[in-house]
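Undergrad: The structure is given below, and queries will be raised subsequently.
The values are calculated or read from the model by the stated rules, or taken from the named source; none is laboratory data. Just so we're clear, the structure is a prediction, and the values are computed from it rather than from any experiment. Ideal geometry is used to build each Cβ from the backbone, glycine not excepted, and the neighbour counts take in all protein chains shown.
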Amino acid sequence: MEAPLAGRAALMLVLARMHGVGFCLDSPRTWDDYQLRGQTMPETGPQTGDNAPDFTLPQDGGDDVTLSAQAPAPVVLYFYPKDDTSGCTKEAIAFTGLMPEFEAVGVKVMGISKDTVAKHAKFRAKHELGVQLLSDEDGAVCEAYGTWVEKSMYGKKYMGIERSTFLIGADGKVAQVWRKVKVPGHAEAVLEAAKAL
């Protein structure tokens with residue numbers, strides 16, 4: 001009885017590694033394919049030195065915000081999963097607490113999630129937030145920045161926003177990227193990087 005195709009491919013890969021033979025399967029297309037090869041998924045979205053993808057999004061309060069219109073001010077774009085959840089609230093409060101220092105060096109701070117403008121307004125009012133909150137309801141900007149990713153919780157896979165931050169310089173290029181952000185100390189690290197621009 002023949003082994004399933006995936007099982008045969010895995011066996012061939014193991015044997016090839018044992019004997020030091022180069023071996024290549026078809027180009028991986030899923031996270032499981034990369035795990036089989038012992039590789040990490042390639043980063044999508046802009047990398048350091050790339051032009052930051054331009055966009056126009058609504059913010060709480062009703063006005064639209066266009067990234068390119070912020071020039072020559074540097075911009076911090078931080079992507080977060082959901083309004084009024086524990087980690088996202090702590091992150092927004094941390095950036096809010098440092099807003100005077102960001103403003104002192106001429107840097108704008110904007111948070112982006114797929115929440116509606118109305119939810120953003122409630123979130124801002126509840127926690128007295130001082131950062132701009134932009135609504136990317138259709139996820140196009142999250143896709144452009146590579147922050148809409150496959151996640152896993154309790155063995156179940158789902159799509160969601162990966163907590164990520166992009167520091168964009170006055171020239172419109174990405175100066176620094178933080179992926180899979182851990183909230184404690186993050187806003188402070190971004191501030192230090194902004195000061196160094």
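Undergrad: Looking at the structure I just gave you, is LEU13 over 30 Å from GLU128 (Cβ atoms), modelled with pLDDT under 95 and crowded, with 16+ Cβ neighbours inside 10 Å? Quick ask: steps written out before the conclusion?
TA: Working: over 30 Å from GLU128 (Cβ atoms): yes; modelled with pLDDT under 95: yes; crowded, with 16+ Cβ neighbours inside 10 Å: yes.
Yes.
Undergrad: Would segment 44-59 turn up any residue that is at pLDDT 95 or above, hydrophobic (A, V, I, L, M, F, W, C), over 22 Å from ALA189 (Cα atoms) and surrounded by 12 or more Cβ atoms within 10 Å (Cβ to Cβ)?
TA: So far as segment 44-59 goes, yes, one or more of its residues are at pLDDT 95 or above, hydrophobic (A, V, I, L, M, F, W, C), over 22 Å from ALA189 (Cα atoms) and surrounded by 12 or more Cβ atoms within 10 Å (Cβ to Cβ).
Undergrad: Continuing with the same structure: Is it the case that ASP60 is touching a Pro at 6+ places or on another chain (Cβ under 6 Å) and either in the same structural domain as ALA125 (by TED's automatic domain parsing) or closer than 15 Å to LEU129 by Cα (or both)? Let's see the steps before the verdict.
TA: Values: touching a Pro at 6+ places or on another chain (Cβ under 6 Å): no; either in the same structural domain as ALA125 (by TED's automatic domain parsing) or closer than 15 Å to LEU129 by Cα (or both): yes.
Considered against the rule, which asks whether it is touching a Pro at 6+ places or on another chain (Cβ under 6 Å) and either in the same structural domain as ALA125 (by TED's automatic domain parsing) or closer than 15 Å to LEU129 by Cα (or both), ASP60 comes out as no.
Undergrad: Which condition number does GLU101 fail, the rest of (1) closer than 24 Å to ASP63 by Cα; (2) acidic (Asp, Glu); (3) more than 16 Å from the chain's Cα centre (by Cα) being met?
TA: Of everything listed in (1) closer than 24 Å to ASP63 by Cα; (2) acidic (Asp, Glu); (3) more than 16 Å from the chain's Cα centre (by Cα), GLU101 misses just condition (1).
Undergrad: Output the residue which, of all residues in segment 150-175 that are more than 12 Å from the chain's Cα centre (by Cα) and under 26 Å from ALA73 (Cα atoms), is surrounded by the most Cβ atoms within 10 Å (Cβ to Cβ).
TA: Ranking the qualifying residues of segment 150-175, first place goes to ILE168.
Undergrad: Sticking with this one: Which of (1) surrounded by 13 or more Cβ atoms within 10 Å (Cβ to Cβ); (2) within 14 Å of the chain's Cα centre (by Cα); (3) within 21 Å of GLY49 (Cα to Cα) does LYS180 not meet, given it meets every other one?
TA: So LYS180 meets the others, but not (1).
Undergrad: Might you check whether a residue that is surrounded by 18 or more Cβ atoms within 10 Å (Cβ to Cβ), closer than 22 Å to ALA71 by Cβ and among the charged types (D, E, K, R) occurs anywhere in segment 115-136?
TA: Taking every residue of segment 115-136 in turn, at least one turns out to be surrounded by 18 or more Cβ atoms within 10 Å (Cβ to Cβ), closer than 22 Å to ALA71 by Cβ and among the charged types (D, E, K, R).
Undergrad: Run down THR147, THR116 and say which single residue is within 20 Å of the chain's Cα centre (by Cα), more than 20 Å from ASP54 (Cβ to Cβ) and in the same structural domain as GLN176 (by TED's automatic domain parsing).
TA: Details: THR147 fails: more than 20 Å from ASP54 (Cβ to Cβ).
Going through THR147, THR116 in turn, just one is within 20 Å of the chain's Cα centre (by Cα), more than 20 Å from ASP54 (Cβ to Cβ) and in the same structural domain as GLN176 (by TED's automatic domain parsing): THR116.
Undergrad: Looking for whichever is exposed (fewer than 15 other Cβ atoms within 10 Å of the Cβ) and under 18 Å from GLU188 (Cα atoms) here; the options are GLU103, GLU91. Which one fits? Explain how you work it out, then say what you get.
TA: Working: GLU91 fails: exposed (fewer than 15 other Cβ atoms within 10 Å of the Cβ).
Unique residue meeting the criteria: GLU103.
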